[in-house]
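Down below is the structure, laid out as structure tokens.
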Amino acid sequence: MDFGYYGNKGIKTPNIDKLAIQGICFQYAFNTSPQSSPSRTSMMTGCFAHTIGAEDLFAPLDDKTLMIPSYLKSAGYASGSILKRHWGANGDKQFTTLLKGGYKPLEAGLESSVYENYNHFLDENINKPFFLWVGFVDPHRPYNNANTPQVNEISKVSIPPYLLNDKDTRNDLLDYYNEISRMDKDIGIMIAELEKRKLLDNTIIVFLSDNGLPFPRAKASLYDSGIQTPQIMYGKSIANLLFDNTLRGRDYIYSERNWHDSDDYIRRVRTEKYKYIYNAYYNLPHGTSLDLTTSPSWYSLKKMQRKGKLSIKQSQIFNYPRPMIEIYDIVNDPFELNNIADTKKGVEATRLLPGLIKEWQKQTHDHPYWEQKKPDAVDRISGAPYFMISDEYYND
């Protein structure tokens, strides 16, 4: 959610902001999972990840489940995919074209071949409708500020209350901001090419993320910081048919967390007023992904934790045993820091929401938590990995 149009004035995102101004900007959009590959398979298949057996990080799509390009193929569309995919070989083969190109070494931005192959794809399909998936890795970790344009100011960085407000964390967030701005510039180049070819007015552009910000207590958690996504659509040709602001979206939003470097089984339902979270592994610390436990923000939190100087808000992610049930008043507690499960106010939420989760699990064929336990790849307390990791591993 860290974009200018979404309220973060400390980050420069002119191209994404322009999309939001010219199109439709959704304020409350959510992923089905706070981790990339399950989230991507969900958005491309219309299924919850556990329904199709793709709920864990790195879990590939099976050979029976169809994605968007397969359906569009029957309508005469060409389809392409470039940069991050992360749904496995059975997903890749559903596209007519897998465009080559990636990122330069040492997190130095996109290779020129990305733009060349993007333009070539447009050339090949000049007289044919097309669908193109562009999976940016920015602002995924790791960061290298020596190879990223420094366009934002550290004085304007916004610190969430669950992180430490120190120099290392501010610099960590600034690196994150600058990668977002770099992605924004790349998006602007691609949109300009569509405009140059006079394709923009006949193209629907959808912009969204596959998980929340890559920081502790955000990505890989079912708090809104982990699952809320920006969602912007642009498409003049269908605007009047598709968008009617008198209609409501979903009344209940469901999402899940499964294996992501450490095993977890968390299920969540959210309304406009309340968030209800069920933690099956309540006796264990929350599982945090490796890219976060090797970040400056994590080390800052752990340093102050050892000294006993974390605030209640900052230490929440480390507490265990953790509650089996967490309930938050989203309206008055948007950062989800005050669990009201043991208050009279929490009773209102427990009358309805647990039954909704059970029914959702039944309808979507969710597995019980004891059925698919997997070993952790990271220590839950220290955050240390059980094996040596490379930069390539971060691209999860």
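The values are calculated or read from the model by the stated rules, or taken from the named source; none is laboratory data. Just so it is clear, the model here is predicted, and its values are computed rather than measured. Neighbour counts are summed over all protein chains in view; Cβ atoms, including those assigned to glycine, are modelled from backbone coordinates with ideal geometry.
Tallying residues that are farther than 20 Å from residue 139 by Cα, among the small types (Gly, Ala, Ser) and in contact with a strand residue (DSSP E or B) (Cβ under 7 Å, 6 or more places away or on another chain) within segment 1-48 yields 1. The numbered conditions (1) buried (at least 17 other Cβ atoms within 10 Å of the Cβ); (2) within 30 Å of residue 255 (Cα to Cα); (3) among the polar types (S, T, N, Q) are all true for residue 117 except (2). Scanning segment 262-297 for residues that are farther than 29 Å from residue 331 by Cβ and touching a Gly at 6+ places or on another chain (Cβ under 6 Å) turns up 262, 293. Which residues, taken from segment 19-32, are crowded, with 18+ Cβ neighbours inside 10 Å and either among the hydrophobic types (A, V, I, L, M, F, W, C) or in contact with a helix residue (DSSP H, G or I) (Cβ under 7 Å, 6 or more places away or on another chain) (or both)? If the condition is that a residue be crowded, with 18+ Cβ neighbours inside 10 Å and either among the hydrophobic types (A, V, I, L, M, F, W, C) or in contact with a helix residue (DSSP H, G or I) (Cβ under 7 Å, 6 or more places away or on another chain) (or both), then 19, 20, 25, 30, 31, 32 are the ones that fit.
Listed here are the residues, each with its yes/no results for (1) touching a residue at least 40 places away in the same chain (Cβ under 8 Å); (2) charged (D, E, K, R); (3) assigned by TED's automatic domain parsing to the domain that holds residue 335.
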| position | (1), (2), (3) |
| --- | --- |
| 154 | no, no, no |
| 163 | yes, no, no |
| 166 | yes, yes, no |
| 171 | yes, no, no |
| 180 | yes, no, no |
| 187 | yes, no, no |
| 190 | yes, no, no |
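Across segment 98-139, what is the total count of residues that are within 17 Å of residue 194 (Cβ to Cβ), touching a strand residue (DSSP E or B) at 6+ places or on another chain (Cβ under 9 Å) and among the hydroxyl-bearing types (Ser, Thr, Tyr)? Final tally of qualifying residues: 1. Within segment 197-210, being modelled with pLDDT under 95, out of contact with any Leu (no Cβ under 7 Å at 6 or more places or on another chain) and polar (S, T, N, Q) holds for one residue alone: 202. For segment 117-135, the count of residues that are over 19 Å from the mean Cα position of the chain (by Cα) and within 30 Å of residue 315 (Cα to Cα) is zero. Reported count of residues in segment 67-76, each being surrounded by 19 or more Cβ atoms within 10 Å (Cβ to Cβ) and either assigned by TED's automatic domain parsing to the domain that holds residue 257 or not aliphatic (A, V, I, L, M) (or both), is 1. Figure legend. Inter-residue proximity from segment 1-26: first residues modelled with pLDDT under 95, second residues of a type in the set (D, E, K, R) and surrounded by fewer than 19 Cβ atoms within 10 Å (Cβ to Cβ), beta-carbon distance below 6 Å, spacing 6+ or different chains. Indicated pairs: 4/17; 5/17. Counting only helices (runs of 4 or more DSSP H) that sit wholly inside segment 275-392, those with at least 2 residues that are aliphatic (A, V, I, L, M), touching a residue at least 40 places away in the same chain (Cβ under 8 Å) and touching a strand residue (DSSP E or B) at 6+ places or on another chain (Cβ under 6 Å) are 353-363. Is there a residue in segment 8-18 that is crowded, with 21+ Cβ neighbours inside 10 Å, hydroxyl-bearing (Ser, Thr, Tyr) and outside any helix (DSSP H, G or I)? Yes, the conditions are met somewhere in segment 8-18. Checking each residue in segment 158-171 for being crowded, with 23+ Cβ neighbours inside 10 Å and part of a helix (DSSP H, G or I) picks out only 169. Does segment 33-66 hold any residues that are surrounded by fewer than 23 Cβ atoms within 10 Å (Cβ to Cβ), of a type outside the set (Phe, Trp, Tyr) and part of a loop (DSSP other than H, G, I, E, B), and which are they? Within segment 33-66, 46, 47, 53, 56, 57, 59, 60, 62, 63, 64, 65, 66 meet the criteria.
Listed here are the residues, each with its yes/no results for (1) under 21 Å from residue 31 (Cα atoms); (2) of a type in the set (A, V, I, L, M).
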site: 174; (1), (2): no, yes
site: 205; (1), (2): yes, yes
site: 210; (1), (2): yes, no
site: 229; (1), (2): yes, no
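Of all the listed residues (340, 317), the sole one being within 18 Å of residue 161 (Cβ to Cβ), among the β-branched types (Val, Ile, Thr), touching a His at 6+ places or on another chain (Cβ under 6 Å) and surrounded by 15 or more Cβ atoms within 10 Å (Cβ to Cβ) is 317. The set of residues in segment 85-117 being farther than 27 Å from residue 65 by Cα and either of a type in the set (A, V, I, L, M, F, W, C) or assigned to a helix (DSSP H, G or I) (or both) consists of 105, 106, 107, 108, 110, 112, 113, 114, 115, 116, 117.
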